[in-house]
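The structure under discussion appears below in the form of structure tokens.
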Amino acid sequence: MNWLLLIIAGLFEVAFAYCLGKAKETSGAVMWSWYAGFLACLTVSMVLLVKVTKELPIGTAYAVWTGIGAVGSVLVGILVFKEPATFWRVFFISTLIISIVGLKVVSE
């Protein structure tokens with residue numbers, strides 16, 4: 001259950017990065033709505049991270065959480081915000097995914 005919550009926390013980290021990207025593209029009340037979404041996603045992500053670190057090792061949980069956020073944010077950047085998908089970006093994101101899976105495999 002803790003691993004599932006950790007994945008959800010990581011997805012909320014991706015969501016708050018998405019909200020920041022959308023806020024950057026807008027102005028006025030719409031921008032502030034995206035910032036409110038950012039704060040809501042940030043809060044949920046942090047609360048879940050705190051909860052899972054009561055059972056999972058902090059080093060592993062934090063690395064997996066940030067890894068999910070990093071991979072997800074890069075994918076959102078490429079797919080939604082039309083950032084470049086160069087060979088090296090995809091290569092290093094792939095190595096990060098392998099590292100996240102490796103941490104899960106070797107952790108309790």
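The values are calculated or read from the model by the stated rules, or taken from the named source; none is laboratory data. Fair warning: this is a prediction, and the values are worked out from it, not measured in the lab. No Cβ is skipped: glycine too gets one built from the backbone with ideal geometry, and neighbour counts run over all protein chains shown.
I want to confirm something. Restricting to the range 47-75 and keeping residues that are polar (S, T, N, Q) and either touching a Leu at 6+ places or on another chain (Cβ under 8 Å) or in a helix (DSSP H, G or I) (or both), which single residue is surrounded by the most Cβ atoms within 10 Å (Cβ to Cβ)? Ranking the candidates gives SER73 first.
For the range 35-69, filtering for residues that are β-branched (Val, Ile, Thr) and farther than 19 Å from ILE100 by Cβ leaves 4. The requirement of being free of Cβ contacts under 8 Å to residues at least 12 places away in the same chain, touching a Pro at 6+ places or on another chain (Cβ under 9 Å) and assigned to a helix (DSSP H, G or I) is satisfied by ILE78. Could we say that GLY28 is at pLDDT 95 or above and surrounded by 16 or more Cβ atoms within 10 Å (Cβ to Cβ) here? No; evaluated as a whole, the condition is false for this residue.
Exactly one residue out of CYS41, CYS19 is surrounded by 14 or more Cβ atoms within 10 Å (Cβ to Cβ), more than 26 Å from MET1 (Cα to Cα) and not aromatic (Phe, Trp, Tyr), and it is CYS19.
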